[in-house]
Amino acid sequence: MNAAAPSRRFARALSVGMLLAVALLFGLWWLFVRATPPDEVCRHIVDVTMREAGEGSLAPDSQEALVRSLEERCVQHKLDKIQLRGRIEYARYAKCVMGSDRLMDIERC
């Protein structure tokens with residue numbers, strides 16, 4: 001038997017162990033930290049707001065300006081939320097918002 005064989009087996013086992021650890025970390029990140037980007041979350045909030053408010057009540061130019069303004073402030077608010085509360089809390093919030101179809105439900109998030 002070759003003297004280098006046990007060290008090769010150990011190196012191979014260590015490599016497999018590291019690969020499994022990286023895969024586990026990636027899986028946990030995918031489940032708990034990965035979230036919808038702030039611009040998509042805000043777009044969903046604005047869409048729900050406009051749907052509930054009745055889109056026909058404003059002129060198209062006014063509506064577009066209002067939507068842009070709301071989205072800009074909303075995105076900045078969500079970026080601040082990530083900074084202050086962390087990615088995991090933001091991910092939980094974003095999943096809740098994206099799963100809600102009413103403003104009342106979004107406010108509870």
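All of the numbers you see were taken from the coordinates with simple rules; none came from a lab. Note that the structure is predicted; figures quoted are calculated from it, not measured. Please note: Cβ atoms are built from the backbone with ideal geometry, for glycine as well, and neighbour counts cover all protein chains shown.
Quick check: from the Cα gyration tensor, does the range 35-108 come out rounded (a/c under 1.5), prolate or oblate?
Values: a/c = 3.08, a/b = 1.68, b/c = 1.83.
Oblate shape, in that a/c is at least 1.5 and b/c is the bigger or equal ratio.
Along Cα→Cβ, 7 Å out, is where each label goes; now give me the distance between the ones at Cys96 and Ala21 in nm to one decimal.
So the label points at Cys96 and Ala21 sit 3.4 nm apart.
About the Cα centre of the chain, what is the dipole size in debye to 20, counting +1 per Lys and Arg Cβ and -1 per Asp and Glu Cβ, all else neutral?
Values: 16 positive and 14 negative charges, 231 e Å.
Dipole magnitude for the chain comes out near 1100 debye.
What does the charge count around Ile106 come to, taking other residues whose C-beta lies under 13 Å from its C-beta (Lys +1, Arg +1, Asp -1, Glu -1)? Let's see the in-between values first.
Working: positive: Arg43, Arg51, Lys78, Lys95, Arg102, Arg108; negative: Asp47, Glu52, Asp101, Asp105, Glu107.
Net charge in that neighbourhood comes out at +1.
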